[in-house]
Amino acid sequence: ERANTEAARANAGVDATNARISNLDNFDLKTQASVLFKVNSAELTPEAMAVLDTLAEEAANQDGYILEVAGYTDITGTMTKNQMLSHQRADAVVLYLTGVRGIPLRRIVTPAGYGSLKPVGDNTTREGRIQNRRVEVNLLINKGITTEVASTSP
């Protein structure tokens, strides 16, 4: 009976370790932040920098994190110009986080610019267009690193 108990405990430990390894590609959203931009601009405002400062401080207190950076525009302008501008905005955020805040580049997923795709506001209103000129930054925590492995010791 004791051997069965020990075998079950060992199997549970192996299962937990396998689950942890499987979770290395899985992430939980810890925090999402958005920074806004002026019309036709990829320059960070003081307000945007303050948001990024807060996010960087939170990230520094985490193990196994990555930052996902996505830039967007409103619908004004051409598709080509919006694509380029959204990527420039994402790059500006990455440069700030790495250059000013010291976030290691390896912690940032390749930034992407999505142009005017995925609006969060109504592009027919001024307020909606303001909301759409943004970069979203997701602080993701690696499940494989943060998941506890079951102890197999008696």
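Are there any pairs with C-beta distances below 6 angstrom linking a residue in region 31-48 that is under 16 Å from Val69 (Cβ atoms) to a residue that is among the polar types (S, T, N, Q) and open to solvent by less than 30 Å² (accessible area, probe 1.4 Å), with the two at least 6 apart or on different chains, and if so which?
So the pair list comes out as Gln32/Asn138.
Would you be able to say whether some residue in region 76-83 is open to solvent by 50 Å² or more (accessible area, probe 1.4 Å), among the charged types (D, E, K, R) and at pLDDT 95 or above?
Yes, region 76-83 contains a residue that is open to solvent by 50 Å² or more (accessible area, probe 1.4 Å), among the charged types (D, E, K, R) and at pLDDT 95 or above.
What are the pairs with Cβ atoms under 8 angstrom where one residue, in region 84-103, is open to solvent by 40 Å² or more (accessible area, probe 1.4 Å) and the other, located anywhere, is part of a helix (DSSP H, G or I) and not hydrophobic (A, V, I, L, M, F, W, C)? Sequence gap at least six, or different chains.
Pairs found: Arg101/Asp53.
Which count do you get for residues in region 56-86 that are assigned to a helix (DSSP H, G or I) and small (Gly, Ala, Ser)?
4
Would it be correct to say that Leu95 is within 17 Å of Glu136 (Cβ to Cβ) and over 18 Å from the mean Cα position of the chain (by Cα)?
No; evaluated as a whole, the condition is false for this residue.
The values are calculated or read from the model by the stated rules, or taken from the named source; none is laboratory data. This is a predicted model, so every value here is computed, not measured. Cβ coordinates were reconstructed from backbone atoms using ideal geometry, including for glycine residues, and neighbour counts include every protein chain displayed. In case anyone asks, the SASA skips ligands and DNA or RNA and just uses the protein heavy atoms, side chains included. Shrake-Rupley method; radii C 1.70, N 1.55, O 1.52, S 1.80 Å.
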